[in-house]
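*Asks:* The structure under discussion is supplied below as structure tokens; questions concerning it will follow.
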Amino acid sequence: MRKNISLLAIVGLALSGFSANGQDKIDFEKQIWPFVKESCVGCHGPSYKDERGRTRKPKAALIITNKEAFLKGGENNEEEPTLTPGDPKKTAFLQRTHLDPSSDEAMPPEGKAEPWTDEQKALFAKWVEQGADFGSWEKSELDDPEKYAAYKAK
Ligand code: HEC
């Protein structure tokens with residue numbers, strides 16, 4: 001009986017993604033995407049047409065509504081990599097949230113969206129350290145320009 005219980009415990013730990021170094025693997029879709037969406041998607045989504053039919057483009061050509069574009073990064077990706085798996089310091093997507101809110105480069109721009117909390121910044125850093133694994137997430141429903149336009153019109 002005892003043996004069965006410890007076996008179950010081991011299987012349980014394995015299933016919950018417990019790793020040898022004691023760090024739980026972060027789930028992008030469940031733990032990261034919600035606050036990235038809240039604070040950043042408003043200016044970094046796909047190109048879309050607004051109510052007056054004008055084409056609106058993502059700021060700095062940075063689109064984060066799908067994995068491929070997120071990894072590709074923004075227009076300055078060469079000098080200032082948006083996301084460097086394994087290296088939070090070379091990840092502008094995190095570093096910009098650490099800048100003084102009054103700085104021109106701070107993200108989100110002051111007063112435009114909810115800034116990340118310290119816990120969210122720490123979680124994002126850990127996710128990057130763990131390799132920036134998107135898991136099974138390929139894209140958000142907001143990657144669709146029509147859905148994104150409706151989201152922006154709200
Ligand atoms: C209200 C609009 C707005 C929101 C919301 C916003 N950004 Fe930006 N973002 C911009 C603008 C404008 C630029 C281009 C100017 C600059 O580089 O500072 C930019 C540029 C960037 C860049 C540089 C990309 C490149 O290659 O040049 C990164 C990284 C970035 N944003 C990350 C974020 C993150 C992280 C969030 C959420 C915490 C966020 N942004 C939310 C407007 C926004």
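The values are calculated or read from the model by the stated rules, or taken from the named source; none is laboratory data. Model, not experiment: these values are computed from the prediction. Cβ placement follows ideal geometry from the backbone for every residue including glycine, while neighbour counts extend to all protein chains displayed. The accessibility values were calculated without ligands, DNA or RNA, using every heavy atom of the protein model including side chains. Shrake-Rupley method; radii C 1.70, N 1.55, O 1.52, S 1.80 Å.
*Asks:* Please enumerate the residues belonging to the range 28-39 that are within 12 Å of the ligand (Cβ to nearest atom) and either open to solvent by 40 Å² or more (accessible area, probe 1.4 Å) or on the phi > 0 side of the Ramachandran plot (or both).
*Replies:* K37, E38
*Asks:* Anything in the range 118-134 that is surrounded by 12 or more Cβ atoms within 10 Å (Cβ to Cβ), in a loop (DSSP other than H, G, I, E, B) and more than 12 Å from the chain's Cα centre (by Cα)? List them, or say none. Steps first, answer last, please.
*Replies:* From the range 118-134, those surrounded by 12 or more Cβ atoms within 10 Å (Cβ to Cβ) are 120-130, 132-134; that's our starting set.
Cutting the leftovers down to in a loop (DSSP other than H, G, I, E, B) gives us 130, 132-134.
If the condition is that a residue be surrounded by 12 or more Cβ atoms within 10 Å (Cβ to Cβ), in a loop (DSSP other than H, G, I, E, B) and more than 12 Å from the chain's Cα centre (by Cα), then Q130 is the only one that fits.
*Asks:* Residue pairs, Cβ under 8 Å, 6 or more apart or interchain, first in the range 103-118 and within 15 Å of K59 (Cβ to Cβ), second more than 6 Å from the ligand (Cβ to nearest atom) and not in a loop (DSSP other than H, G, I, E, B). List them.
*Replies:* Partner pairs satisfying both residue conditions: A113/E38.
*Asks:* Could you check how many residues of the range 119-134 are without any contact (Cβ under 8 Å) to a residue 24 or more places away in the chain and among the aliphatic types (A, V, I, L, M)?
*Replies:* Of all residues in the range 119-134, those without any contact (Cβ under 8 Å) to a residue 24 or more places away in the chain come to 119, 122.
Add one more test, that the residue is among the aliphatic types (A, V, I, L, M), and what stays is 122.
Qualifying residue count, the range 119-134: 1.
*Asks:* Going by the structure shown, is A113 near the ligand (Cβ under 6 Å from one of its atoms) and open to solvent by less than 40 Å² (accessible area, probe 1.4 Å)? Please lay out each step first, then the result.
*Replies:* Numbers: near the ligand (Cβ under 6 Å from one of its atoms): yes; open to solvent by less than 40 Å² (accessible area, probe 1.4 Å): yes.
Yes; evaluated as a whole, the condition is true for this residue.
*Asks:* Any idea which of (1) in a loop (DSSP other than H, G, I, E, B); (2) in contact with a strand residue (DSSP E or B) (Cβ under 8 Å, 6 or more places away or on another chain) is the one E146 doesn't satisfy?
*Replies:* With respect to (1) in a loop (DSSP other than H, G, I, E, B); (2) in contact with a strand residue (DSSP E or B) (Cβ under 8 Å, 6 or more places away or on another chain), E146 is out only on (1).
*Asks:* OK, next. For the range 84-102: of the residues being touching a residue at least 12 places away in the same chain (Cβ under 8 Å) and among the small types (G, A, S), which is farthest from the ligand (Cβ to nearest atom)?
*Replies:* Once the filter is applied, the top-ranked residue is G86.
*Asks:* Report, by residue number, each residue of the range 40-64 that is crowded, with 18+ Cβ neighbours inside 10 Å and either more than 13 Å from the ligand (Cβ to nearest atom) or not in a loop (DSSP other than H, G, I, E, B) (or both).
*Replies:* C40, P46, Y48
*Asks:* Considering only residues of the range 81-101 that are in contact with an Asp or Glu (Cβ under 7 Å, 6 or more places away or on another chain) and among the aliphatic types (A, V, I, L, M), which is surrounded by the most Cβ atoms within 10 Å (Cβ to Cβ)? Full working, then the answer.
*Replies:* Going through the range 81-101, the residues in contact with an Asp or Glu (Cβ under 7 Å, 6 or more places away or on another chain) turn out to be 86, 88, 92, 96, 99, 101.
If we keep only those that are among the aliphatic types (A, V, I, L, M) too, we end up with 92, 99.
Details: A92: 21, L99: 12.
Checking each candidate, the answer is A92.
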